[in-house]
1. First select every other residue whose beta carbon is under 10 angstrom from the beta carbon of Asp92; then total the charges, Lys and Arg +1, Asp and Glu -1.
2. Within the chain, what whole-number % of the accessible surface is contributed by carbon and sulfur, with the 1.4 Å probe and all protein chains included in the calculation?
3. Antiparallel versus total DSSP beta bridges in the chain: what percent is that, nearest 5?
4. For Asp94, Asp23, Asp34, write out the residues from largest to smallest accessible area, computed with a 1.4 angstrom probe and no ligands counted.
5. Between Leu169, Val111, Pro20, whose Cα lies farthest towards the positive end of the dipole of the chain when Lys and Arg beta carbons carry +1 and Asp and Glu beta carbons carry -1, centred on the Cα centre?
6. With a 10 Å radius around each residue's Cβ, average the other Cβ atoms per peptide and rank 1-10, 143-152, highest first.
7. Any idea of the accessible area per residue across segment 41-134, 1.4 Å probe, to the nearest Å²?
8. Considering only DSSP states other than H, G, I, E and B, which chymotrypsin sites (Phe, Trp or Tyr not before Pro) in segment 17-97 qualify as loop sites with at most 13 other Cβ atoms within 10 Å?
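The values are calculated or read from the model by the stated rules, or taken from the named source; none is laboratory data. Keep in mind that this is a model prediction, so the values were computed, not measured. Backbone-built Cβ (ideal geometry, glycine too); neighbour counts: all protein chains shown. These area figures cover heavy atoms from the full protein model, side chains too; ligands, DNA and RNA do not enter into them. Shrake-Rupley method; radii C 1.70, N 1.55, O 1.52, S 1.80 Å.
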Amino acid sequence: GLALARSVKPFVITLDIMMPHRDGWTVLQALKNDPQLRGIPVIILSIMENRALGFSLGVAAYIVKPFDRQVLLEKLGSLRSIAGKRVLVGDDEDGIRELIETGLKNEGYLVEGAATGRAALSAAARNRPDFLFLDLNLPDMSGLEILKEMREDPALKDMRVFVLTGRTLSPQELDELHRKAEQVIKKGSISLSAILDALRGKLMAMAEAD
């Protein structure tokens with residue numbers, strides 16, 4: 001299976017846990033430790049129920065046997081719709097940036113991180129991501145300044161933006177952000193895993209609509 005993955009580079013891998021010679025957990029770890037393969041989404045198909053371990057190791061979905069064929073087909077269709085989509089994460093908090101980067105890479109997105117506003121703008125101009133996750137409190141410039149520069153750039157003005165902030169925003173700031181961003185997420189109001197789940201759901205719905 002690992003040899004085939006390296007040769008054909010599939011857009012998704014379905015993986016059983018109970019297999020001869022090497023179990024699925026060992027294979028999954030090998031996939032995620034291989035720079036050529038770690039970006040391929042993995043769906044676990046197994047009679048064993050251990051979703052927590054599967055998601056902690058970076059699977060895109062966990063389906064317990066026996067399962068409805070349509071459930072698998074729908075998940076494959078969803079993953080195909082997001083394959084190759086580019087995401088830029090602009091956040092100077094390493095934990096949040098890395099969580100979003102890793103979580104979305106596991107689902108098949110091409111993800112790049114930036115810890116400053118200038119680095120985010122440079123990366124956006126260079127690679128034109130489909131989506132931008134933007135912290136409002138970057139060390140060199142505010143998220144509102146970044147959004148203003150983007151709106152003045154014809155190549156970036158229509159980019160879809162998700163705003164992440166730990167600040168208490170004024171009604172005027174909130175109104176401005178809701179006009180410029182797809183979603184405003186308050187850091188600290190929900191857990192990091194809940195933030196990632198919300199972003200995944202929103203991204204998938206947007207990708208399928210495209």
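1. -4
2. Carbon-and-sulfur percentage of accessible area, whole number: 53.
3. 5
4. Sorted descending by solvent-accessible area, the residues read Asp94, Asp23, Asp34.
5. The Cα lying farthest towards the positive end belongs to Pro20.
6. Packing proxy ranking, top to bottom: 143-152, 1-10.
7. 45
8. Listed in order of number, the matching sites are Phe67.
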